[in-house]
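The values are calculated or read from the model by the stated rules, or taken from the named source; none is laboratory data. Just so it is clear, the model here is predicted, and its values are computed rather than measured. Please note: Cβ atoms are built from the backbone with ideal geometry, for glycine as well, and neighbour counts cover all protein chains shown. What goes into the accessible areas is simple: the full protein's heavy atoms, side chains included, and nothing from ligands, DNA or RNA. Shrake-Rupley method; radii C 1.70, N 1.55, O 1.52, S 1.80 Å.
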Amino acid sequence: GLNFIDLMVRQGNIDNPPKTPLVPGFECSGIVEALGDSVKGFEIGDRVMAFVNYNAWAEVVCTPAEFVYKIPDDMSFSEAAAFPMNFVTAYMMLFEVANLREGMSVLVHSAGGGVGQAVAQLCSTIPNVTVFGTASSFKHEAIKDSVTHLFDRNADYVQEVKRISTDGVDVVLDCLCGENTGKGLSLLKPLGTYILYGSSNMVTGETKSFFSFAKSWWQVEKVNPIKLYEENKVIAGFSLLNLLFKQNRGGLIKGVMDKLLNLYNNKKIKPVVDSLWALEEVKEAMQRIHDRGNIGKLILDVEKAPTPLVS
């Protein structure tokens with residue numbers, strides 16, 4: 001699976017980036033080739049998907065068994081590679097952090113991306129949840145059925161949301177950071193939850209720019225705790241990779257994956273795969289994410305031959 005965090009790793013916009021040379025990638029799917037001595041519950045030949053702490057973009061990957069899950073029979077390998085990061089992130093933000101319930105409303109940015117589509121699908125499993133989404137206008141036709149109210153990502157979405165829902169929304173999921181923090185907080189109803197889960201505005205141009213990186217953070221409004229108390233608002237952050245690899249919550253994630261696979265088996269959710277790319281085409285695939293051209297998930301397929309360039 002190809003994720004926005006991979007672009008941030010490439011540009012050095014993360015805490016303690018690993019030393020080069022490194023193999024990027026945090027999720028994959030494939031067939032079990034070998035097992036550690038004490039591994040239970042898996043056999044050689046099993047179809048599985050997994051979280052990996054780097055090194056996922058490879059033909060052979062090794063990861064602790066607690067981060068590995070069996071693939072349902074009717075799920076393809078490309079769907080499985082698109083599943084873990086996006087759906088676990090979306091599920092945990094909606095149900096573990098924001099406590100989504102019937103009748104609530106959610107605003108999600110980048111509604112056409114992998115997490116955005118997972119959020120929209122999971123919201124549809126709860127009655128009467130209203131989803132407000134922002135996305136590039138060329139994606140609207142493709143995703144309009146999954147989102148209740150869709151806005152152009154460059155439009156003044158704050159006014160648009162308030163026109164439809166005068167008192168705002170219950171949950172704001174923000175992967176943009178920067179100047180959107182203040183806007184998101186201003187849209188929250190009392191007891192509403194604002195969750196920052198990414199920083200895609202920090203990915204800039206072709207090269208790493210510490211100036212633009214600092215500028216993006218500088219635009220985050222200073223959050224006043226007294227104001228949060230007076231307005232009854234919740235502000236939260238979510239990082240799946242830190243939860244998995246730094247905070248040892250693999251057991252919690254396994255419980256979430258069980259629930260998600262149950263939803264998949266009951267045809268309630270289905271990963272959206274944008275396109276498959278050969279490993280040699282990773283530069284072009286990353287550019288497609290950078291330009292926000294994708295609807296759903298980009299997958300690197302080790303068995304795919306590069307597409308010949310048309311003259």
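Quick notes on this one:
- Extension reserve of the Ser76-Ile14 stretch, reckoned as 0.36 nm per residue once the Cα distance is removed: 19.2 nm
- Couplings 3J(HN,Hα) for segment 89-104, derived from phi with the Karplus relation 6.51 cos²θ - 1.76 cosθ + 1.60 (θ = phi - 60°), are 4, 4, 5, 5, 5, 6, 9, 8, 8, 8, 6, 4, 9, 3, x, 7 Hz, where x marks Gly and Pro.
- Proximal lysines relative to Lys267, as straight alpha-carbon distance under 25 Å, when same-chain residues fewer than 8 apart are discounted: Lys70, Lys139, Lys144, Lys254, Lys259, Lys297
- Percent RCO, i.e. relative contact order, over the chain, from Cα pairs under 8 Å lying at least 6 residues apart: 19
- Scanning residues 5 or more positions from Leu107 or on other chains, those with amide H under 5 Å from its amide H are Phe132, Val171, Val172, Leu173, with H placed 1.01 Å from N in the peptide plane.
- For segment 113-121, 3J(HN,Hα) per residue [Karplus equation, 6.51 cos²θ - 1.76 cosθ + 1.60, θ = phi - 60°, Hz, x = Gly/Pro]: x, x, 5, x, 5, 5, 4, 4, 5
- Protein accessible area in the chain, 1.4 Å probe - carbon and sulfur %: 53
- Between Gly113 and Gly296, the built amide H atoms are under 5 Å apart, and every one of these is 5 or more places off in sequence or on another chain.
- Cβ-defined net charge surrounding Pro308, 15 Å radius [Lys, Arg +1; Asp, Glu -1]: -2
- Listed peptides 269-277, 87-95 by packing density, highest first (mean Cβ within 10 Å): 87-95, 269-277
- Take the chain with all the other protein chains still there, run a 1.4 Å probe, and you get 50 Å² of accessible area per residue.
- Karplus-derived 3J(HN,Hα), 6.51/-1.76/1.60, for each residue of segment 258-266, Hz, glycine and proline x: 4, 5, 5, 5, 5, 5, 5, 5, 8
- Database remark: amide H of Leu188 closer than 5 angstrom to the amide H of Val169 (H placed geometrically; neighbours at sequence offset of 5 or more, or on other chains; Pro and chain starts carry no H).
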